[in-house]
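Contents: one structure, followed by commentary.
Every number in this text was worked out from the coordinates using simple rules, so none of it is lab data. Small disclaimer: the values here were computed from a predicted structure and weren't measured. We place every Cβ from the backbone using ideal geometry, glycine too, and count neighbours over all the protein chains shown.
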Amino acid sequence: MPQTRTQRQTLNPFLIAVLCIAFLGLGMTRAQAGNLDDVQVLMHKNDLSGALTRLDQHLGENPKDRDGRFLKGILLTEMRRLPEAIEVFTALTRDEPKLPEPYNNLAVIYAAQGQFDRAREALELAIKTHPSYSVAHENLGDLYAKLASMAYDKALELDRANTT
């Protein structure tokens with residue numbers, strides 16, 4: 001089963017099924033890690049606006065902190081502020097093009113919005129940047145299964161409509 005942040009059903013089931021969170025944790029100071037721990041505590045308490053306020057403070061002091069930026073994308077996704085989450089993850093793909101996680105999370109958002117071609121493209125980029133990133137492979141399989149199911153349902157619908 002794909003990696004998810006929590007088992008809470010705060011997003012639609014397809015989004016929950018494929019949302020991946022991974023903290024990159026490279027080069028963080030103890031203070032930065034502590035700030036992000038505070039944000040995660042607020043998130044787990046479901047104080048999402050408080051978490052966002054704290055995270056924005058942290059990013060004001062550490063604007064290039066990719067872990068903080070990644071967490072902000074996740075937080076915005078949980079808050080259903082998807083256009084803003086897309087901006088955050090897209091900026092991360094520009095600044096850190098070799099990281100697969102932002103591409104994966106973009107794919108999750110696109111899939112939740114029914115933008116399956118964009119989701120597929122993002123997952124393919126995640127795999128291209130990191131061929132052994134199993135979460136992206138699994139999510140791509142889930143996406144193809146969803147598309148196959150939709151095509152099969154459409155075929156059944158057309159077959160029922162065919163009276164000849």
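Within the stretch 123-143, identify whether any single residue is part of a helix (DSSP H, G or I), more than 26 Å from ASP37 (Cβ to Cβ), among the charged types (D, E, K, R) and in contact (Cβ under 8 Å) with a residue 60 or more places away in the chain, and answer yes or no.
Yes, some residue in the stretch 123-143 is part of a helix (DSSP H, G or I), more than 26 Å from ASP37 (Cβ to Cβ), among the charged types (D, E, K, R) and in contact (Cβ under 8 Å) with a residue 60 or more places away in the chain.
Taking the stretch 97-112, which residues are touching a helix residue (DSSP H, G or I) at 6+ places or on another chain (Cβ under 6 Å), surrounded by fewer than 22 Cβ atoms within 10 Å (Cβ to Cβ) and not small (Gly, Ala, Ser)?
To start, the set of residues in the stretch 97-112 that are touching a helix residue (DSSP H, G or I) at 6+ places or on another chain (Cβ under 6 Å) comprises 98, 100, 102-112.
From what's left, surrounded by fewer than 22 Cβ atoms within 10 Å (Cβ to Cβ): 98, 110, 112.
LYS98, TYR110, listed by residue number.
Tally time: how many residues in the stretch 31-53 are more than 23 Å from LEU106 (Cα to Cα) and buried (at least 20 other Cβ atoms within 10 Å of the Cβ)?
Summing the residues that are more than 23 Å from LEU106 (Cα to Cα) and buried (at least 20 other Cβ atoms within 10 Å of the Cβ) in the stretch 31-53 gives 1.
Could you tell me how many of the residues in the stretch 113-133 are surrounded by 19 or more Cβ atoms within 10 Å (Cβ to Cβ) and either small (Gly, Ala, Ser) or under 22 Å from ARG81 (Cα atoms) (or both)?
Residues flagged as surrounded by 19 or more Cβ atoms within 10 Å (Cβ to Cβ) and either small (Gly, Ala, Ser) or under 22 Å from ARG81 (Cα atoms) (or both) within the stretch 113-133 amount to 4.
Taking the conditions exactly as written (within 26 Å of MET43 (Cβ to Cβ) and either among the acidic types (Asp, Glu) or over 10 Å from the mean Cα position of the chain (by Cα) (or both)), does TYR110 satisfy them or not?
It is false that TYR110 is within 26 Å of MET43 (Cβ to Cβ) and either among the acidic types (Asp, Glu) or over 10 Å from the mean Cα position of the chain (by Cα) (or both).
List the pairs whose first member sits in the stretch 145-164 and is part of a helix (DSSP H, G or I), whose second member is surrounded by 10 or more Cβ atoms within 10 Å (Cβ to Cβ), and whose Cβ atoms are under 8 Å apart, counting only residues at least 6 apart or on separate chains?
Pairs found: LYS146/PHE14; LYS146/ALA111; LYS146/PHE116; LEU147/PHE116.
Given the condition farther than 28 Å from ARG54 by Cα, surrounded by fewer than 16 Cβ atoms within 10 Å (Cβ to Cβ) and hydrophobic (A, V, I, L, M, F, W, C), answer yes or no: does some residue in the stretch 137-147 qualify?
Yes: one or more hits.
Restricting the search to the stretch 57-88, which residues are of a type in the set (S, T, N, Q) and touching a residue at least 40 places away in the same chain (Cβ under 8 Å)?
Matches in the stretch 57-88: THR77 only.
Since LYS146 meets every condition but one in (1) within 20 Å of THR90 (Cα to Cα); (2) over 11 Å from the mean Cα position of the chain (by Cα), which condition does it not meet?
Of everything listed in (1) within 20 Å of THR90 (Cα to Cα); (2) over 11 Å from the mean Cα position of the chain (by Cα), LYS146 misses just condition (1).
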